[in-house]
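Trainee: Sharing a structure here in structure tokens format.
The values are calculated or read from the model by the stated rules, or taken from the named source; none is laboratory data. All values derive from a computational prediction rather than experimental measurement. Here Cβ is always computed from backbone atoms with ideal geometry, including for glycine, and neighbour counts include all displayed protein chains.
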Amino acid sequence: MNEITIGRGTRLDPTKFQDPDQTADGSIRAQVSLERLDTLWFNTGTLCNLECENCYIESSPTNDRLVYLRAAEVDVFLNEINSLQLGTRKIGFTGGEPFMNPDFMAMLSSVLERNFETLILTNAMRPMAKCADALLNLPTPFRGRLTFRVSLDHYTKPAHERIRGDRSWGPAIAGLKWLSDNGFAISAASRTCWDQDETQMRNGFTELFATENIRIDAQNPTSLILFPEMDESLDIPEITERCWEVLNVSPKDLMCAQSRMVVKRKGDKAPTVSPCTLLPYAKAFDLGTTLRNALTPVKLNHPHCAKFCVLGGASCSISADM
């Protein structure tokens, strides 16, 4: 097999993404109103058993910039969904690696008991394996509302381990196979950083999943999600109000039109609400400590807004998996 290389790009113009109201050329910056809080994400903490190249959240075995959420803190927001009658249908868990959080199974049980559709983003490695018995013992109705999205950065071991490190391939495949063999709903997430087109990526994963007898249709874009890279140092156009019409994109379809994420930064007394999963450290995007205060419009003043959501057409939405 020929060596697979990672694509690169030009550096970001430093005059961009500075003013929340205007782009560098003086145009009115686009903003997105919350249509409905369909999905609430919880970042369980940035600690992870891996340290991946270009991880947008810089998760690692030592990064605790986002500390562990506790089950009681999660319950506060679940109760607020009910008291405000927000009609939220879906809950997502991300990290870091969620299964490293000692309260994670309690959080998961609380969410499933309240009948939310639930998505867990995981690398399916040892932290998840340590919870295998608890997962198998979930009541059948709970399992019917639960989906796992497993990260595989490429369909080959060498390329995957270039991103995730030595000896990361075998445990990930084993964990994904375990989920598949035990009847859990699963999908996979990969990256478009490689010098390969979408057809090559999907065909490669199709062969992998067939060989490993993993129940994922890699040709289905909602079962294998190919995410654009999120390097905020690379150049990207800013999004203006006029872009909606030019690009034929509706702001109603963006992640921040239907979701929010709860994070807890190290040193903070309480969790904070952020517009989406991509901006956990950007304090300029903080929307307060309650959902009531977080129902406001979001100005697209960050490279991730442009590259990942508007121009990349990507989303961490749960609806694709359910």
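Trainee: Take the residues in region 5-49 that are part of a strand (DSSP E or B), of a type in the set (A, V, I, L, M) and surrounded by 14 or more Cβ atoms within 10 Å (Cβ to Cβ), then tell me which one is modelled with the highest pLDDT.
Mentor: Per the stated criteria, the residue is L40.
Trainee: Quick one: would you say E97 is surrounded by 23 or more Cβ atoms within 10 Å (Cβ to Cβ), among the acidic types (D, E), touching a helix residue (DSSP H, G or I) at 6+ places or on another chain (Cβ under 7 Å) and within 23 Å of G165 (Cα to Cα)? Quick ask: steps written out before the conclusion?
Mentor: On the way: surrounded by 23 or more Cβ atoms within 10 Å (Cβ to Cβ): yes; among the acidic types (D, E): yes; touching a helix residue (DSSP H, G or I) at 6+ places or on another chain (Cβ under 7 Å): yes; within 23 Å of G165 (Cα to Cα): yes.
So E97 passes the test.
Trainee: What pairs come out if I take residues in region 193-219 that are within 14 Å of T156 (Cα to Cα) and at pLDDT below 95 and pair them with residues that are surrounded by 15 or more Cβ atoms within 10 Å (Cβ to Cβ) and small (G, A, S) whose C-beta lies under 9 Å away, six or more apart or interchain?
Mentor: Filtered contacts from region 193-219: W194/A159; Q196/G204.
Trainee: Can I ask one more? Name the pairs whose Cβ atoms lie under 7 Å apart, with the first residue in region 270-295 and farther than 20 Å from L84 by Cα, the second of a type in the set (F, W, Y), and 6 or more positions between them or separate chains?
Mentor: T277/W41; L278/Y56; L278/F308; L279/F285
Trainee: Take the conditions surrounded by fewer than 20 Cβ atoms within 10 Å (Cβ to Cβ) and at pLDDT 95 or above and apply them to N2. Does it pass?
Mentor: Taking the combined requirement at face value, the residue does not satisfy it.
Trainee: Specify which of the listed residues (V263, V249) is surrounded by 18 or more Cβ atoms within 10 Å (Cβ to Cβ), β-branched (V, I, T), touching a residue at least 60 places away in the same chain (Cβ under 8 Å) and on the phi < 0 side of the Ramachandran plot.
Mentor: On the way: V249 fails: surrounded by 18 or more Cβ atoms within 10 Å (Cβ to Cβ).
After applying the criteria, what remains is V263.
Trainee: Would you mind stating whether K307 is modelled with pLDDT under 95, basic (K, R), in contact with a Leu (Cβ under 9 Å, 6 or more places away or on another chain) and outside any loop (DSSP other than H, G, I, E, B)?
Mentor: Details: modelled with pLDDT under 95: yes; basic (K, R): yes; in contact with a Leu (Cβ under 9 Å, 6 or more places away or on another chain): yes; outside any loop (DSSP other than H, G, I, E, B): yes.
Spelling it out, K307 is indeed modelled with pLDDT under 95, basic (K, R), in contact with a Leu (Cβ under 9 Å, 6 or more places away or on another chain) and outside any loop (DSSP other than H, G, I, E, B).
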